[in-house]
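> My structure is below; once you've seen it, I'll send some questions.
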Amino acid sequence: MPIVPVAYAVSRWGEDPWSRGSWSLIGRHGSPADRVQLGTPVGTRLRIAGEATHPTRSGMTHGAYEKGVEAGIWAAELGHRRVAVVGAGMAGLGAARELMARGVSVQVFEARERLGGRTAGVDLDGCTFDLGANWLQQYDENVLARLAERLGLTTTVTDFNDPREPGPVASEAGLEQALHDRLQAAPAGASVADVLSEWLQSPEPWTPLAIRRYVDAEITMDTGAPLEWLSARHGFEAGVGEGDAWITGSYRLLVDHLADGLDVRLGHPVQSIRVESDGVHLTGLAIDHRADAIIVTAPVNVLAADVIHFEPPLPAAHRAALGRLGMGRVEKVILRFDERFWPEHTSGYYRIHGPDEGSVSEWLDATAADGNPTLVGLFAGPWLDALWARPDAEIAGAAAQIVHSAGW
């Protein structure tokens, strides 16, 4: 008998015009230098900030926040008294709060009708969960984790190194180091797919299946990007799994705190930014605004798609960096049930492979949020093609069956 969730929510980050993906990644011809270049100020009035510009905390909310704060300091120390910020995600909020704290007049323009960017708290059956960014990563050195502690928020640690999987699990002893060594030894311009193809020709002492499943879990799931595009040397960036914790009540609690007191214009997409000798002029739907400087925190796929017109155009070095960066796609499903049907596991984390090669899903047991049986699923690889063309209700139903049929 099919199992039916009593409530659900489904993300569509790949279709979101203000996101166009989940988080930034480095393509086969890129390097961390491209992140640095993208975040380099364009003269004294324009700067791009966000997780994509952080060389060591890319793809993470605290990386975005740190770069936003850094951009705010830059603008204030140049003496600008009126600054515009594009985007009300973690980078935009970080920049705006820093500017406001320094006495600078700042206005934030957000295209969506909500705060948070790629954090997205969703209310589901009386509780709020994250449909976007979920964890406080690199917890011990995470500035947002310190903020959560000061606010007295409840957090739960997830042990990603101990996922429960249905059926027998092949030994992964030595695979992590072998994968790392092969990726780092790859020639410049090689992709992860290039490395994997060569490795599978001589897989011993592991089986090809064990190698593929490990790559699915460690790279496909963590990037959501085609392995043919992803840089072997730089595409798989470390950082997750280091004491990561999720927030009961979602990231919305941090977002609302950071946005408190700020002048944020929701539903105001910026379409054009013109940098002039005496300031910047930004226009868009219901926008005709002038400021001394501007900080742009739009995701890299939005910038690369020329959703925002820059005049003069971004420098060639910035455009080249954008061309070597990109974004993966990992989608999320939140499912609530009347009764728990999955086994309890100390890590609170589960992984399911297949049935197709490259398909992998991982599941967080979020029942601890309020005691009601809840699973948060992350999907990457061919799953997205198979499921995400359907309506949300069908995706939720299919996802529930995937877990229910796992054979725990």
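> So for the chain, averaging the separation of alpha carbon pairs under 8 Å that are six or more residues apart and normalising by length, what relative contact order in percent results?
27 percent.
> Counting only Cα atoms, I'd like the Rg/Rh figure for region 288-408, Kirkwood definition for Rh.
1.15
> Could you tell me the calculated FRET efficiency between residue 390 and residue 274, based on Cβ-Cβ distance and R0 = 45 angstrom, to the nearest 0.05?
0.60
> Please find, in a Gaussian network model of the chain (springs between Cα atoms separated by less than 10 Å), the residue of 143, 330, 108 whose mean-square fluctuation is greatest.
143
> Another question, if that's okay. Could you please rank 383, 408, 199, placing first whichever residue has the fewest other Cβ atoms within 10 Å of its Cβ?
408, 199, 383
> Could you work out the local net charge near residue 236, counting Lys and Arg as +1, Asp and Glu as -1, over the other residues with Cβ closer than 13 Å to its Cβ?
-3
> How big is the Kirkwood radius of the chain, worked out from every pair of different alpha carbons and given in Å to one decimal?
Hydrodynamic radius (Kirkwood, Cα pairs) of the chain is 22.0 Å.
> Give the residue from 386, 404, 326 lying farthest towards the positive end of the charge dipole for region 321-408; charges sit on Cβ (+1 for Lys and Arg, -1 for Asp and Glu) and the dipole is referred to the Cα centre.
Farthest towards the positive pole: 326.
> Rank these for me by crowding, 252, 182, going from fewest to most other beta carbons within 10 Å. It would help to have the intermediate numbers written out before the result.
On the way: 252 20, 182 15.
Final ranking by Cβ density, sparse to dense: 182, 252.
> OK, next. Pop out the Kirkwood hydrodynamic radius of region 6-53 from its pairwise C-alpha distances, inverse of mean 1/r, in Å to one decimal.
Answer for region 6-53: a Kirkwood hydrodynamic radius of 13.2 Å.
> A further question on this structure: Among the helices of the chain (complete DSSP H runs), which have Cα atoms covering no less than 27 Å along the helix axis and a Kyte-Doolittle mean of at least 1.0? Spell out each step's value before the answer.
Values: long enough: none.
Going by DSSP H runs, there are no hits.
> Something else about it: Please give the peptides 7-19, 49-61, 268-280 ranked by average Cβ packing (other Cβ atoms within 10 Å per residue), highest first, as a rough proxy for protection.
Answer by packing, highest mean first, reads 49-61, 7-19, 268-280.
> For region 274-323, which semi-axes, largest first and in whole Å, follow from the square roots of 5 times the eigenvalues of its Cα gyration tensor?
With the √(5λ) rule applied to region 274-323, the semi-axes are 20, 14, 9 Å.
> Mind checking region 315-344 for GluC sites (Glu not before Pro) that DSSP puts in a loop (not H, G, I, E or B) and that have at most 15 other Cβ atoms within 10 Å?
Numbers: sites: 331, 339, 344; in loops: 339, 344.
Counting only loop positions with at most 15 other Cβ atoms within 10 Å, the GluC sites (Glu not before Pro) in region 315-344 are 339, 344.
> By the scheme Lys and Arg +1, Asp and Glu -1, what is the net charge of all other residues having a beta-carbon under 10 Å from that of residue 104?
Local charge sum for residue 104: +1.
> Please report 200, 46 as a ranked list, fewest other C-beta atoms within 10 angstrom at the top and most at the bottom.
200, 46
> Mind checking the log10 I(q)/I(0) for region 106-175 at q = 0.27, 0.29 Å⁻¹? Debye, one equal scatterer per Cα, no solvent, two decimals.
-1.29, -1.33
> Further question on the same structure: Let me see the P(r) profile for region 165-282: every Cα-Cα distance counted, bins of 10 Å, each bin given as a percent of all pairs.
10, 28, 20, 19, 16, 7, 1
> Right, another one. In Å and on Cα atoms, what radius of gyration and Dmax does region 11-99 show?
For region 11-99, the Cα radius of gyration and maximum Cα-Cα distance read 13.4, 41 Å.
No lab work stands behind these numbers, since they all come straight from the coordinates. Bear in mind that the values here come from a model prediction, so they are computed numbers and not experimental data. Note: ideal-geometry Cβ built from the backbone for every residue, glycine included; neighbour counts use all protein chains shown.
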